[in-house]
Amino acid sequence: MVNRLPRGCVNVGGELASAMEECRRIFLSFFENWGYSPFLPSGLQLLESAWDKLPSQVRSRLVALTTPYGEPCCLRGDITLAAVAYLASHYAPEEQPLRICYCDRVYMKSAPPRTSIESFQIGAELLGWEGEGADAEMLSLLLRVLDALGLERTTIALGDSTFLQRALASAESAAAESLADALRKGSLPDYFAALEKGNIPDFYRTILSAIPRLRGDISVLSEAEKLWGRGAPLSALKTTAATLESQGYGNRISIDLSLARDPGYYSGPLFEVYSWESGRSLGGGGRYDRLLSSCGLKGQAMGFALDLEQAASLSSFPSRRSPTMAWAGGLSPEEALRRAADLSSDGTRIEMNWNGDRNASLQAAEKRGCRSWVDLASGTAFTLFPAGKGGAS
């Protein structure tokens with residue numbers, strides 16, 4: 001059937017598609033103004049190149065296939081990996097760092113009961129830098145672009161993979177993996193059951209016992225330092241959090257030292273972006289120096305990705321982008337299009353209507369949710385209201 005899509009796939013149109021496009025435009029324009037170049041990754045990735053570099057949670061969800069040339073591949077499941085490969089093949093060390101931004105689809109199997117295999121992502125990467133400042137740059141820009149997208153009611157939860165990984169290193173590998181897996185799933189009963197069974201030195205057992213409650217405002221970092229004592233691996237996170245707080249974002253950030261990601265991929269500050277309205281994560285990111293190292297590159301890396309569909313659905317762009325219907329009103333196509341071009345020259349979004357019946361054109365404008373209707377022949381304009389009534393202007 002022509003209306004049928006493959007299971008897990010989706011077509012997006014209407015107001016949501018308009019809002020997604022507006023978010024995409026604002027996002028890319030914002031990051032380009034900060035020196036981030038647009039990046040268009042390949043839709044396929046070789047399995048032999050991707051498999052050992054991706055987190056295990058991603059590998060199990062890849063959508064595998066074979067190209068017409070017989071090469072085992074997967075649909076693009078991770079844009080960061082494509083960005084790192086691009087850095088390695090196109091830039092010499094002295095040309096780093098590389099700043100990129102993107103908007104594209106990614107493909108991964110969902111955990112039941114969900115069936116989706118594709119989603120839309122917007123994101124940015126800062127690859128191959130050295131020294132301090134880039135973590136704060138990325139998170140500061142993220143908060144600014146969230147505001148530009150009309151997503152001021154969001155919070156960034158900050159964690160640090162180094163803090164958790166050093167604590168877990170005291171446990172045997174099986175126990176450490178069980179603890180990390182329980183944190184990733186958000187299952188505290190499983191976490192404390194694994195902690196009770198594990199053969200862990202008392203010092204680290206105390207820290208691991210406290211990790212699920214090390215969540216809250218920036219003062220949590222001081223509490224964690226007291227638990228750890230001298231040499232607590234939190235300097236990068238403290239610097240980043242303090243910088244964001246000094247910029248006036250103290251009420252938009254929180255600390256969550258229980259954030260857990262794949263230790264072979266991430267290596268430093270981590271974060272998740274949460275919406276106050278939905279309570280759901282819109283995406284996240286963090287430091288992934290180990291991925292650069294696994295690709296034979298030196299330096300540090302930071303990046304993030306957001307779910308574009310979720311972000312757009314929480315924005316107010318659909319209502320702000322409703323068009324004005326421009327009725328040809330018996331004009332020739334040439335003259336109608338000339339007058340419509342004049343009307344749209346100030347940024348007014350228009351939709352042409354060639355119906356010969358004036359009343360039918362007005363009714364069509366109301367049904368399509370247009371904010372106004374214009375008779376191009378006479379110049380008469382009507383503002384349309386929810387009740388279906390209009391007033392001449």
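Ordered by residue, what ³J(HN,Hα) values in Hz, to whole numbers, does the range 52-69 give under the Karplus form 6.51 cos²θ - 1.76 cosθ + 1.60, where θ = phi - 60° and Gly and Pro are x?
In residue order, the calculated couplings are 7, 9, 8, x, 4, 5, 7, 4, 5, 10, 5, 9, 7, 7, 10, 6, x, 8 Hz.
Roughly what % of DSSP beta bridges within the chain run antiparallel, to the nearest 5?
Around 80 percent antiparallel, to the nearest 5.
Take peptides 192-202, 279-289 and line them up by average Cβ neighbours within 10 Å, highest first, as a rough protection proxy.
Highest mean packing first, the order is 279-289, 192-202.
Quick one: net charge of PHE271's neighbours, Cβ under 11 Å, K/R +1, D/E -1?
-2
Roughly how far apart, in whole Å, are the Cα centres of the range 172-207 and the range 6-22?
About 41 Å separates the Cα centre of the range 172-207 from the one of the range 6-22.
On a full-extension model of 0.36 nm per residue, what is the gain between LYS226 and THR115, subtracting their alpha-carbon distance, rounded to one decimal in nm?
Difference between extended and current length: 35.5 nm.
Give me the distance in nm between label points sitting 7 Å out from Cα along the Cα-to-Cβ direction at ARG184 and ASN33, one decimal.
About 3.8 nm separates the two model spin labels.
Check the chain and count each lysine pair with an alpha-carbon distance under 27 angstrom, considering only pairs eight or more places apart or from different chains.
Close lysine pairs under the 27 Å cut-off: 10.
Please tell me the relative contact order of the range 322-383 in percent, rounded to the nearest whole number, where contacts are Cα pairs under 8 Å and at least six residues apart.
RCO, the range 322-383: 49 percent.
How many nm separate the modelled label positions at TRP354 and LEU46, each set 7 Å beyond the Cα in the direction of the Cβ?
About 5.1 nm separates the two model spin labels.
In percent, how large is the relative contact order of the chain, given Cα pairs closer than 8 Å and 6 or more residues apart?
Worked out over the chain, it gives 17 percent.
On full extension of the chain, what length is gained from ARG7 through ALA242, given 0.36 nm per residue of separation minus the C-alpha to C-alpha distance?
80.0 nm
Accessible area per residue, 1.4 Å probe, Å², for the chain: what's the number?
That works out to 50 Å² for each residue.
What number comes out for the charge environment of SER56, summing +1 per Lys or Arg and -1 per Asp or Glu over other residues with Cβ under 12 Å away?
Net local charge, SER56 excluded: +1.
All other residues with a Cβ under 13 Å from the Cβ of GLU118 taken together, and with Lys, Arg as +1 and Asp, Glu as -1, what is their net charge?
+3
Report in % the part of the accessible area of the chain that belongs to carbon and sulfur, leaving out ligands and nucleic acids; probe 1.4 Å.
In the chain, the share of accessible area belonging to carbon and sulfur is 50 percent.
Work out Dmax and Rg for the range 322-383 from the C-alpha atoms and quote the Rg first, both in angstrom.
10.3, 28
For ALA88, project a label point 7 Å along Cα to C-beta. Then give me every residue of the range 56-81 with its amide nitrogen under 11 Å of that point.
Hits in the range 56-81 for ALA88 at 11 Å: 81.
Let me check the size of the chain from its C-alpha atoms; what are the radius of gyration and Dmax in Å?
Calculated on Cα positions, Rg and Dmax stand at 25.6, 86 Å.
Could you work out the relative contact order of the range 61-116? I mean the mean sequence separation of Cα pairs under 8 Å and 6+ apart, divided by the number of residues, in percent.
40
When you count, for each residue, the other Cβ atoms within 10 Å and take the mean per peptide, how do 42-49, 164-171 rank with the highest first?
Final packing ranking: 164-171, 42-49.
The values are calculated or read from the model by the stated rules, or taken from the named source; none is laboratory data. Quick caveat, the model's predicted, so the values are computed rather than measured. Please note: Cβ atoms are built from the backbone with ideal geometry, for glycine as well, and neighbour counts cover all protein chains shown. Side chains are part of the model used for accessible areas, which takes the heavy atoms of the whole protein and leaves out ligands, DNA and RNA. Shrake-Rupley method; radii C 1.70, N 1.55, O 1.52, S 1.80 Å.
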